[in-house]
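Rule-based calculations on the coordinates, nothing more; no lab input. Please read these numbers as outputs of a predicted model, since none were measured by experiment. Cβ atoms come from the backbone with ideal geometry, glycine included; neighbour counts cover every protein chain shown.
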Amino acid sequence: MKKKIMAAVMTAAMVAGLAGATSVYAAEDTITVGFSQVGAESDWRTANTESMKSTFSEENGYELIFDDAQQKQENQLTAIRNFIQQEVDYILLAPVTETGWDTVLQEAKDAGIPVIIVDRMVDVSDDSLYTTWIGTDALLEGRKAAEWLNAYATAKEIKPEDLHIVDIQGTIGSTAQIGRTQGLEEGVEKYGWDLLEQQSGEFTQAKGQEVMESFLKSYDDIDVVICENDNEAFGAIDAIKAAGKTCGPEGDIIVVSFDSVKAAFESMIAGDLNATFECNPLHGPRVAEIIQKLEKGEEVEKIQYVDEAYFDTSMDLEEILKTRAY
Ligand code: AHR
């Protein structure tokens, strides 16, 4: 562990009577964290990485070992094993999908390294394999979006069976996809909407565009596209326009998305996007607070959800955008 190495260096420095031993004392307090990040697939992810990097900085008393897994679970497994070998103080994991973590988390537990799960959830047989989880309630987001769509369609006097929907899903098996898809499917069941097709856009703009292009070729009666993040929506909007159709509150197709990044506000102001359901990426300070409590030997809650809002074109978006952090 870094602390042990630094303590040894400190002792050697003191024995040798070296100048600068005080700065070595300071280094002893450094907390080393290994962070396995999903990738860089979206504006949300960029904001999340930035929040973690600016929080776990040298000035704040941390050494951060950052690993970008490029949306691949096998890269995350390798990163975690490297963190264990490096004897980090904490492992932070934003898991790409929910399953497949039991073995590697058992290895971390055996090594005595606390694991903090950030953003998406893990589905493990033994929840003592991680210390705590902090992130978004994706099912609640999906349910809020479905209720918003029902209220919007009802106000426009669109019959439920006349609401033809396509769903551009997120990365299959990720918490954000599972919850948002389930929220929509519950709405379909409850209100009797016509769900035409679901396909993954992998949370990227490029794939979102590609999937929407193929939906537009297959169906000429799409009324709504649910995009499971904002970047997919930006791609879908490009595809809709390229197909000679319009979208947004005055257009042919209602576009709904998740995250509420700054560019989504610009898209709503431009009249392209109807609504976006917030998913807050600013987890750095929250995770640091958890680590500080653990350092003091305090208990932390096992599951911690973050409060989230939603935004649509009925709101004063220019005003909200002025203070938007991401
Ligand atoms: O897990 C959070 C999701 O992952 C965000 O909605 C998305 O933009 C990101 O890639």
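Listing for the model above:
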quantity	calculated
Scan of the range 166-187 for residues that are surrounded by fewer than 17 Cβ atoms within 10 Å (Cβ to Cβ) and either of a type in the set (Lys, Arg) or touching a helix residue (DSSP H, G or I) at 6+ places or on another chain (Cβ under 8 Å) (or both), ordered by number	Gln182, Glu186
Test: residue in the range 132-147 that is among the aromatic types (Phe, Trp, Tyr) and farther than 30 Å from Arg286 by Cα	no
Residue satisfying condition, being closer than 16 Å to Ile290 by Cα and out of contact with any Phe, Trp or Tyr (no Cβ under 9 Å at 6 or more places or on another chain), within set Thr103, Thr97, Thr132	Thr132
All positions within the range 218-236 that are more than 16 Å from the ligand (Cβ to nearest atom) and either under 23 Å from Arg120 (Cα atoms) or assigned to a helix (DSSP H, G or I) (or both)	Ser218
Qualifying residue in the range 71-81 (condition: over 18 Å from the mean Cα position of the chain (by Cα), more than 16 Å from the ligand (Cβ to nearest atom), within 21 Å of Gly284 (Cβ to Cβ) and crowded, with 20+ Cβ neighbours inside 10 Å)	yes
Any hit, the range 150-164, residues being surrounded by fewer than 20 Cβ atoms within 10 Å (Cβ to Cβ), assigned to a strand (DSSP E or B) and not acidic (Asp, Glu)	yes
Checklist (1) surrounded by fewer than 17 Cβ atoms within 10 Å (Cβ to Cβ); (2) assigned to a loop (DSSP other than H, G, I, E, B); (3) hydrophobic (A, V, I, L, M, F, W, C) applied to Leu140, failing item	(2)
Val287 being within 16 Å of the chain's Cα centre (by Cα), within 30 Å of Glu59 (Cα to Cα) and of a type in the set (Val, Ile, Thr)	yes
Matching residues, the range 273-286, being assigned to a helix (DSSP H, G or I) and of a type in the set (D, E, K, R)	Arg286
Some residue of the range 136-146 being within 16 Å of the ligand (Cβ to nearest atom) and of a type in the set (Ser, Thr, Tyr)	yes
Members of the range 54-98 that are in a helix (DSSP H, G or I) and farther than 26 Å from Gly208 by Cβ	Ser54, Thr55, Leu77, Thr78, Ala79, Ile80, Arg81, Asn82, Phe83, Ile84, Gln85
Conditions (1) within 16 Å of the ligand (Cβ to nearest atom); (2) assigned to a helix (DSSP H, G or I): number failed by Gln106	(1)
Subset of the range 163-211 that is basic (Lys, Arg) and within 16 Å of the ligand (Cβ to nearest atom) - its residue that is nearest to Cys227 (Cα to Cα)	Arg180
From the options Asp127, Asp123, residue that is closer than 30 Å to Gln85 by Cα, surrounded by fewer than 17 Cβ atoms within 10 Å (Cβ to Cβ) and within 15 Å of the ligand (Cβ to nearest atom)	Asp123
Test: residue in the range 250-272 that is in a strand (DSSP E or B) and over 25 Å from the mean Cα position of the chain (by Cα)	yes
Residue within the range 253-260 that is surrounded by fewer than 22 Cβ atoms within 10 Å (Cβ to Cβ), touching a residue at least 40 places away in the same chain (Cβ under 8 Å) and at negative phi present	no
Number of the condition not met by Ser214 [criteria: (1) within 21 Å of the chain's Cα centre (by Cα); (2) of a type in the set (S, T, N, Q); (3) more than 15 Å from the ligand (Cβ to nearest atom)]	(1)
Residue pairs meeting the criteria (Cβ under 8 Å; at least 6 apart or on separate chains; first free of Cβ contacts under 8 Å to residues at least 12 places away in the same chain, in the range 174-186; second more than 10 Å from the ligand (Cβ to nearest atom))	Glu185/Leu195
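Residue-wise test of (1) part of a helix (DSSP H, G or I); (2) buried (at least 24 other Cβ atoms within 10 Å of the Cβ).
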site: Glu197; (1), (2): no, no
site: Glu202; (1), (2): no, yes
site: Lys207; (1), (2): yes, no
site: Leu216; (1), (2): yes, no
site: Asp238; (1), (2): yes, no
site: Ala288; (1), (2): yes, no
